[in-house]
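First the structure, in the form of structure tokens, and then the observations on it.
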Amino acid sequence: MKKVLRILGVILVAAAVVVLAYNFLPGNDGAVQTISTSLSGSINEIGELATAEYGYTMAQTLDKPPKELIGIKIPFTESKIIYSYDGKIKAGVDFTKVAAKVDEAAGVVYVTMPEAVILSSEVDNDSLVVYDEKNSPFNSLKFEDMNLSIEELKKSAEDNAAKNGLFDSAMENAKKIIRSMVENLNSDKEYKVEFNNANS
């Protein structure tokens, strides 16, 4: 009986050593999972965040050509308006799609994140300035024409924002946020952050 108890005692001590080593020795999977889950959870809590903004004032010409009869342009049936609007475009990253994986041994946090996208694109209706207007009663401009023109203005503004680096700025600012979160991890160890594109 004593021999059996002695064997059981040795087994229990060995099991305790294995558990302690698994949980506390560097480079084990338990530590990696804990940090990775904590970081990913913190990132996902952010949700969609605008990390860059592009403000603009853009002029647009809405031109309604004259009506024609038998191929002949009818006089005084042309309508035209030149106007401008102010607007703002916000871009950012959907942080719920960001994934983080920690390599404890190498001290590297690998972050996979999606491309920055436009989160909002708004025109300030109170900022309308009309520079020139010629509105024929025989071929007048309608609300539908104006709304379509404003949509074209917004599309042009969004294209200009992209060309001027809006998405690049949004990505860089998103990366700064994640780097700051990694620096504030509850750990005595410093981690290097490497980013990957979710689409690559």
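The values are calculated or read from the model by the stated rules, or taken from the named source; none is laboratory data. If you're wondering where the values come from, they're calculated on a predicted model, not measured in any experiment. Using ideal geometry, Cβ is built from the backbone for each residue, glycine included, and neighbour counts are taken over all protein chains shown.
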Please work out which one of (1) farther than 20 Å from E152 by Cα; (2) at pLDDT below 90; (3) among the acidic types (D, E) is the condition D94 fails and give its number.
(2)
Return yes when K64 is within 30 Å of Y131 (Cα to Cα) and either of a type in the set (F, W, Y) or within 11 Å of the chain's Cα centre (by Cα) (or both) and no when it is not.
no
State whether the residues of segment 114-130 include one that is farther than 25 Å from S156 by Cβ, at pLDDT 90 or above and part of a strand (DSSP E or B).
no
Determine whether segment 103-111 contains at least one residue that is more than 30 Å from K176 (Cβ to Cβ) and in a strand (DSSP E or B).
no
For residues that are touching a residue at least 60 places away in the same chain (Cβ under 8 Å) and crowded, with 16+ Cβ neighbours inside 10 Å, scanning just segment 84-98, find the one that is nearest to T61 (Cα to Cα).
Y85
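Residues are listed down the side, and each one gets a yes or a no for (1) over 25 Å from the mean Cα position of the chain (by Cα); (2) at pLDDT 50 or above; (3) under 29 Å from L119 (Cβ atoms):
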| position | (1), (2), (3) |
| --- | --- |
| V13 | yes, no, no |
| E48 | no, yes, yes |
| A52 | no, yes, yes |
| I70 | yes, yes, no |
| A99 | no, yes, yes |
Search segment 54-83 for residues being free of Cβ contacts under 8 Å to residues at least 60 places away in the same chain and touching a Phe, Trp or Tyr at 6+ places or on another chain (Cβ under 7 Å), and hand back the single one that is surrounded by the fewest Cβ atoms within 10 Å (Cβ to Cβ).
I82
